[in-house]
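Read through the structure below, which is laid out as structure tokens, and then see the notes.
The values are calculated or read from the model by the stated rules, or taken from the named source; none is laboratory data. These figures come from a predicted structure and were not determined experimentally. Using ideal geometry, Cβ is built from the backbone for each residue, glycine included, and neighbour counts are taken over all protein chains shown.
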Amino acid sequence: MGRATGARTRWGRIAAVTVTVVVCLGYAPIAMTELWPYARPGAPALGEWLLGRAVSPEFVADAVRDRTGPYTRSLVPLIVHSVLGGLLMLLGPAQLLSAVRRRIRLHRAAGIAYAAVVYVSMAGAAVYLARTPPGEAFSGAAFWIVLATILTGTVLAVTFGILTAVTGLPDLHQRWMLLGYGYLMTAPLLRLEWGALPALYPGLDLQAVNRVALMHLGALVVLGALLASRALDRRADHPFVTGGWCPAPVLAGAHLAAVAGLLWLGRGFLEHGPEGRRLLLAHLVPYVVIAAVLHLGAARAARRGAGWAREEWRTHLVALCLAPALAAGTEVVCERALGLDPLTALVAGAGISSGFLAFAANVVLSLRVLHGREAARRRSAPAVATTSSTATTAASTATTAP
């Protein structure tokens, strides 16, 4: 049984790494050439060429017209962002493979390069967002809000990844870097949805396709980061973590919050006719599937007595349960404080909630580990002090003895 489980785990890791590498290597040249036509009309762009053949040239032409104005005002920062974004698609797998194969020097060098490129690339995106009013952004205000959230989350995740590496917490370093890379994976996955969703929903323009994608992309990428973390960390227990911060009452309360939040979102989306029903379905089906995966992971960990794995699954499950409530609250804030229309506010709330709360779950897990390490250090300090005092007394006695 143990050998079969180990084989499944090994093949699961191989499959995950293979898919990641293929997607990233395929997207890198698309990202690097995406903005060439805006700088020089008629210049080749691999992404536009592929999308035109997957959907239609008219679909691509509409997308280009939607972006020309806002992109032209910030073309240089966006080119920096897209070219370096393509480079990140290559550096990410290099980091992952060097970590799996324990090539420490290569991993450290790739990590330094990756962090530097993240900061510069995200700075280019920040300039674009600062110069572009939300209502004028590509695909509207909801897309602007989600992009700003992804940018912030990526920069903070990489920063926390650096800090945990420097402070000697490799397990937390791994989780933060995977989460940050998960946020970046929204870009290639969005392009895949550009090619796939028009076949499912004929006649939708790119802005409508983007709204559908925003309903679940954030939840999918943070689930991918969690699955990768669990695949790389097979420990049953953590040396610094005991007990649990997610007992049954907390889980029950989180599930009640999930039901209330989903009812609020459902009522809001259903008020907007066919588009609202389409968006609700795009949000609800992946949400239920992801919740089932988290429940199954926690149950399996409990059966094999893996306390640390169970706690991580449960923490992320609580975060997912709270996501609809956060989305509902964000919808109210966006509508009343930012003046967005109700549907755009709903899309923005649903688009950022899962990614934001997965970040919060990582913060909770990090605090647990830091608290446990500090408690362990304090427990060992008196023993060290007692040993030192005993040694000093013995030395003094030996010195003064006749």
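Quick notes on this structure:
- Residue in the range 294-306 that is in contact with a Gly (Cβ under 9 Å, 6 or more places away or on another chain) and either crowded, with 18+ Cβ neighbours inside 10 Å or at pLDDT 95 or above (or both) present: yes
- Gly195, sole failed condition from (1) surrounded by fewer than 17 Cβ atoms within 10 Å (Cβ to Cβ); (2) over 23 Å from the mean Cα position of the chain (by Cα); (3) touching a residue at least 12 places away in the same chain (Cβ under 8 Å): (2)
- Count - residues of the range 99-131 that are closer than 16 Å to His173 by Cβ and part of a loop (DSSP other than H, G, I, E, B): 2
- Filter result (over 29 Å from Leu226 (Cα atoms), hydrophobic (A, V, I, L, M, F, W, C) and in a helix (DSSP H, G or I)) within the range 335-355: Ala337, Leu343
- Those residues of the range 206-244 which are over 21 Å from Ala31 (Cα atoms), of a type outside the set (A, V, I, L, M, F, W, C) and more than 21 Å from the chain's Cα centre (by Cα), in sequence order: Arg235, Asp237, His238, Pro239, Thr242, Gly243, Gly244
- If you go through the range 93-104 and keep only what is surrounded by fewer than 20 Cβ atoms within 10 Å (Cβ to Cβ) and either closer than 14 Å to Ala165 by Cα or among the hydroxyl-bearing types (Ser, Thr, Tyr) (or both), you end up with Ser98, Ile104.
- Scanning the range 272-327 for residues that are more than 30 Å from Gly243 (Cβ to Cβ) and not in a helix (DSSP H, G or I) yields a count of 1.
- Filtered residue count, the range 202-231, keeping only those that are touching a helix residue (DSSP H, G or I) at 6+ places or on another chain (Cβ under 6 Å), closer than 30 Å to Leu370 by Cα and surrounded by fewer than 18 Cβ atoms within 10 Å (Cβ to Cβ): 1
- Every condition in (1) in a helix (DSSP H, G or I); (2) of a type outside the set (Ser, Thr, Tyr); (3) buried (at least 17 other Cβ atoms within 10 Å of the Cβ) holds for Phe138 except the one numbered (1).
- Failed criterion for Leu35 (all others in (1) in contact with a Phe, Trp or Tyr (Cβ under 8 Å, 6 or more places away or on another chain); (2) at positive phi hold): (2)
- Some residue of the range 138-154 being in contact with a strand residue (DSSP E or B) (Cβ under 9 Å, 6 or more places away or on another chain), of a type outside the set (Gly, Ala, Ser), in contact (Cβ under 8 Å) with a residue 12 or more places away in the chain and more than 17 Å from Ala116 (Cα to Cα): no
- Checked against the criteria, Ala228 does not count as under 17 Å from Pro170 (Cα atoms) and assigned to a loop (DSSP other than H, G, I, E, B).
- Taken together, Ala395, Ala358 contain a single residue that is small (Gly, Ala, Ser), at pLDDT 95 or above and assigned to a helix (DSSP H, G or I), which is Ala358.
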